[in-house]
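Colleague: Quick one: the structure is below, questions incoming.
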Amino acid sequence: MKQETTSRLVMTSRTPLALLVFLLALQLVTPSAVWTILLAGLATALGLSFFWLRRLAVNVSSTRRQRGALVVAGDVLEEEWALSNAGALPVLVAEIVDHSTLPDYAVNRVVAVGGNAAVTWRTHGICRQRGLFIIGPWTVAMADPFGFFRLEQTYAVEQSILVYPRVAILPPLQLPRGGASGRARAMRKALESELSVASVRHYAPGDSLRHIAWGVSAHRDALMVREFDQEPAGDLWIVLDLDAAVQVGHGMDGTEEFAIVLVASLAAEWLRRNRAVGVAAFGQEAVLVPPQRGEAQLWRILHELARVQAAPDWPLARTLEAVRSSLGRGITLAVVTPSTGADWLSPLLHLQGRGVATAALLLDTGSFTQPAATTPSPASLDLRSALAQHGVTTHVVDRRLMSLRPAVTYRRKRMGLRTLATGRVIDVDIEEEV
């Protein structure tokens, strides 16, 4: 990537020029050795300062490099910085000002660099919000020894960073299997290719050799046989409601961000079961990820969920109509919504009548308000009753009762600064869980 750098040398104050003119006038009106010495000294200081920064503009350069390629909400973004000085004149003070769009990412710093030297450091910032952001550009501002001028080097280098939503550990959420209705079980004998592995057990005489789990057997030093779930492993479609009119709260205290983490976590859980998972979400951008299996599918889903935003033109009923042509028979459809209205119930029941097993994960909007509501609204109770009457599997998600703990955490060490009682600042290793 080509690094475009622009330099701007400005005078911090017009006072030295005014004083220079004033001394020159005094020398012309009332000649004196004092005015001559002051005039020569001020002119020399101005010239030296100007020359100093002109040399720094040629010899000083700055770089930054991001460590790590994938960033998930809650992760620590780490960057390596360097400020190099190829000239003999030192950089007495350099202020680095970052212009990144990542929220709460404060990496501004003040450093000094000697002549023909370089200084490097690392910065850390927590990516608290998922989304697409820009890292850079940044500015290096330097001053001369007298503070007459200011040199600003702007590095017009921008790098996009996509912060993925966090995958969390979910409590057990039973969803129906694909069939004639939301509560129906498949009555036909399922093919082995459609079954998911439920558990393993020790080999018994008569078991098919095709069912032996060779990897587990090698690990346990005994023949182990796979046991299959006796229900067909149909595709799972997750529909996320991004209607801005029904969202409550902001950030992780709001239904939009909470629902996105819920969708990502549900997709990860079912993909771990070797199920094909697809996601549909219509907001400011249309997201339609067809069902597939494997870890790569999870990253496709997270990539799309990282950029979605709620929009006012996509109520849930319209979203269900839009995805109807993509849904086949024998699949499971899970709707994640904070809506308490019943306008989307009709298209959902239409899909159920076509052989789609339906489920609704209803976000209790009262638990996202401040202060939290103690009882559900009448509209919410009416919606739950209607869903139950039509055999739609329903889970009510109460933010106060569902703690979305990260599914993957690790401990890491990083360098930090600690101030001693004497005022001395030292480098220390900080161990933290992320």
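Colleague: Taking each pair of distinct Cα atoms in the chain once, what is the resulting Kirkwood hydrodynamic radius in Å?
Modeller: 26.9 Å
Colleague: What residues of the range 159-177 lie in the reach of a label at VAL216, counting those whose backbone N is under 11 Å from a point 7 Å from the Cα along Cα→Cβ?
Modeller: none
Colleague: By how many degrees, 0 to 90 and rounded to 10, does the Cα axis of helix 295-305 deviate from the longest principal axis of the chain?
Modeller: Around 60 degrees separate the two axes.
Colleague: Report the gain in length on full extension from ILE134 to THR374: 0.36 nm times residue separation, minus Cα-Cα distance, nm rounded to one decimal.
Modeller: Result for the pair: 82.3 nm of gain on full extension.
Colleague: Same structure, new question: So how far apart, in nm, are the two label points at SER32 and LEU288 if each is 7 Å from Cα heading toward Cβ?
Modeller: Result for the modelled spin labels: 8.7 nm.
Colleague: If you don't mind, another one. Grab the Cα-Cα distance for MET11 and ALA118, subtract it from 0.36 nm times how many residues apart they are, and report the gain in nm with one decimal.
Modeller: Value of the extension gain: 35.9 nm.
Colleague: Rule-of-thumb check for the range 314-371: C-alpha Rg over 2.2 N^0.38 Å?
Modeller: Against the empirical 2.2 N^0.38 Å value, I get 1.23 for the range 314-371.
Colleague: What accessible area per residue comes out for the chain, rounded to a whole number of Å², with a 1.4 Å probe?
Modeller: Per-residue value: 52 Å².
Colleague: Taking the chain as a Gaussian network, where each spring joins two C-alpha atoms under 10 Å apart, which residue of ALA204, ALA276, ALA264 fluctuates the most?
Modeller: Result for the chain, Cα springs under 10 Å: ALA204 fluctuates most.
Colleague: Let me ask something else. Mean-square fluctuation check for the chain, GNM, Cα pairs under 10 Å: which of ARG201, ARG400, ARG272 is largest?
Modeller: For the chain, modelled as a Gaussian network with Cα springs under 10 Å, the answer is ARG201.
Colleague: Now for a separate question. Return the carbon/sulfur percentage of the accessible area of the chain, one whole number, probe 1.4 Å, all protein chains in place.
Modeller: Carbon and sulfur: 55 percent of the exposed surface of the chain.
Colleague: Once you put a point 7 Å from the Cα of ASP207 and another 7 Å from the Cα of GLN159, both along the Cβ direction, what distance in nm separates them?
Modeller: So the two model labels end up 5.0 nm from each other.
Colleague: Another one. Could you order MET224, MET252, MET402, MET11 by accessible surface area, starting with the largest, using a probe radius of 1.4 Å?
Modeller: Ranked from most to least accessible, the order is MET252, MET11, MET402, MET224.
Colleague: For n ≥ 4 DSSP H runs only, could you compute -39500 (n - 2.57) per run for the chain, divide by its residues and tell me the 222 nm figure to the nearest 500?
Modeller: -8000 deg cm²/dmol
Colleague: Residue separation times 0.36 nm, minus the C-alpha to C-alpha distance between ARG400 and SER84: what's the value?
Modeller: Here the answer is 108.6 nm.
Colleague: Once you've got the GNM for the chain with C-alpha springs shorter than 10 Å, pick whichever of PRO90, PRO338, PRO165 has the biggest mean-square fluctuation.
Modeller: Per the Cα network of the chain with a 10 Å cutoff, PRO90 tops the list.
Colleague: Also, I was wondering about something else. Mark the label point 7 Å from the Cα of GLN309 along Cα→Cβ and return the residues of the range 234-262 whose backbone N is within less than 15 Å of it.
Modeller: Backbone N within reach: 242-245, 251, 256-257.
Colleague: Calculate, in whole percent, how much of the Cα-Cα pair population of the range 266-389 lies beyond 18 Å.
Modeller: 59 percent
The values are calculated or read from the model by the stated rules, or taken from the named source; none is laboratory data. This structure is a prediction, so every number in the text was calculated from the model and none was measured. Note: ideal-geometry Cβ built from the backbone for every residue, glycine included; neighbour counts use all protein chains shown. With ligands, DNA and RNA removed, areas are computed over all heavy atoms of the protein, side chains included. Shrake-Rupley method; radii C 1.70, N 1.55, O 1.52, S 1.80 Å.
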